[in-house]
Amino acid sequence: MYSLTGGPGSGKTTQIELLGRHGYATVSAGVLLRERAPQRILDQMLKGDLADHDFTNSLIGQALDEFKASHGNDKIVLDGYPRALIQVRWLMEAYEAEMTACLLLTASDECVIRRLVERGRSDDQPEAVKQRLKVYRRHISEVLDYYAARNVPVYEIDAERPVEEIFKSVKEILQF
Ligand code: AP5
C-alpha cells in the first residue's frame, strides 16, 4: 500500500486517476469526504480546515478493508491521507505491515494557487486555499518524521512538471 500526498493543487487526484486506469485501487480522502461527510464536516472543509480525524480515519478504514480483498496490499494507493500525525499513527497501528512507501508531490505556492484559481471548486476561494496551504504546512513535517521513524521510504516528486512526466516518476517508483 502506498500513500500519495502533497499540498492542495499539487496534482494528487490527477495522478490517482491515472493509477486507477492501471489497475490500482485508489482511495481518495477528499473524494470520500465530499461524498459522505455530514454538513458539520463539509463546513469545516469549505473553510479549508481538516475534517474531523476520527470520521476520516473510519472512512479510510472501511474503504481499505473493501479494497484489500479485491486488490491485495501492493495495488492500493491512498490519495491525501494520512495528512496529520494522529492519522498516520492510526494508519500505521492498523496497517503498518502493509505500508510500502509515501510519494510526496511538491510544488510552489504560486504554481498551486494558479491551478486552483483556474479550477474553481467550491473550496478554491482565495481564503480557503490560503488556509489549506497553512494547514498542509502545519502538519506535513510531523507525518514525514513519523514515516522516517518507522523506516517508511518517502519519495519526493517535482509536481510542477507536466502531468505525463510526473506520472512517469510515479510509475518508476511503483515499478510498473
Ligand atoms: P482534497 O480533495 O484532497 O483537496 P486538496 O488536498 O486541497 O487538494 P486538491 O484537490 O485541491 O488538489 P490535488 O492535489 O488533488 O490536485 P488535483 O489533481 O485535483 O481535500 C479537500 C478537503 O478535504 C481538505 O481541505 C480537507 O478539508 C478535507 N480532507 C481531505 N483529506 C483529508 C484528510 N486526510 N484528513 C482530514 N481532512 C481531509 O489538481 C488540481 C488542479 O490542477 C486541477 O485543475 C488539475 O487539472 C490541475 N493539475 C494537476 N496536475 C497538473 C499539472 N501537472 N500541471 C498543470 N495542471 C495540473
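Laboratory data are not the source of any read-out in this text; all were calculated from the coordinates shown. Treat the numbers as computed from the prediction; the structure is a model and nothing was measured. FYI the Cβ positions are ideal-geometry reconstructions off the backbone, even for glycines, and counts take in every protein chain you see.
Each 5 Å bin from 0 upward holds the following percent of the Cα-Cα pairs of the chain: 1, 8, 18, 22, 23, 17, 9, 2, 0. Summarising the amide proton neighbourhood of Ser28: residues at separation of 5 or more, or on other chains, whose placed amide H is nearer than 5 Å comprise Asp79. Residue-wise HN-Hα couplings along region 145-158, as the Karplus relation 6.51 cos²θ - 1.76 cosθ + 1.60 with θ = phi - 60° gives them from phi, are 4, 5, 4, 4, 5, 9, 6, 8, x, 10, 10, 7, 10, 5 Hz; Gly and Pro carry x.
Residues Tyr146, Tyr24, arranged from fewest to most other Cβ atoms within 10 angstrom of their Cβ, appear as Tyr146, Tyr24.
Rounded to the nearest 0.05, what FRET efficiency do Gln175 and Gln62 have when you use their Cβ-Cβ distance and R0 = 35 Å? Working shown, then result.
Details: r = 28 Å, r/R0 = 0.81.
For R0 = 35 Å, the calculated efficiency reads 0.80.
Taking the centroid of alpha carbons for each part, region 105-161 and region 1-49 are 12 Å apart. Annotation: the residues Val129, Val31, sorted from fewest to most other C-beta atoms within 10 Å of their own C-beta, follow the order Val31, Val129.
Between Leu85 and Arg114, full extension at 0.36 nm per residue minus the direct alpha carbon distance yields a gain of 7.6 nm. Which shape class applies to region 111-176: rounded if a/c is under 1.5, otherwise prolate when a/b exceeds b/c and oblate if not, where a ≥ b ≥ c are the square roots of the Cα gyration tensor eigenvalues? Note, shape of region 111-176 comes out oblate. Each label point was placed 7 Å from the Cα along the Cα-to-Cβ direction; for Asp145 and Asp52 their separation is 2.8 nm. With neighbour counts taken as other beta-carbon atoms within 10 Å, the residues Ile86, Ile76 rank, fewest first, as Ile86, Ile76. Neighbours of Arg40, meaning other residues whose beta-carbon lies under 15 angstrom from its beta-carbon, give a summed charge of -1 when Lys and Arg score +1 and Asp and Glu score -1. Put a dot 7 Å past the Cα of Glu35, heading toward its Cβ, do the same for Asn73, and the two dots end up 2.5 nm apart.
How much mean residue ellipticity at 222 nm does the chain get from its helices, if each DSSP H run of length 4 or more adds -39500 (n - 2.57) and you divide by all residues, to the nearest 500 deg cm²/dmol?
-18500 deg cm²/dmol, from helical runs alone.
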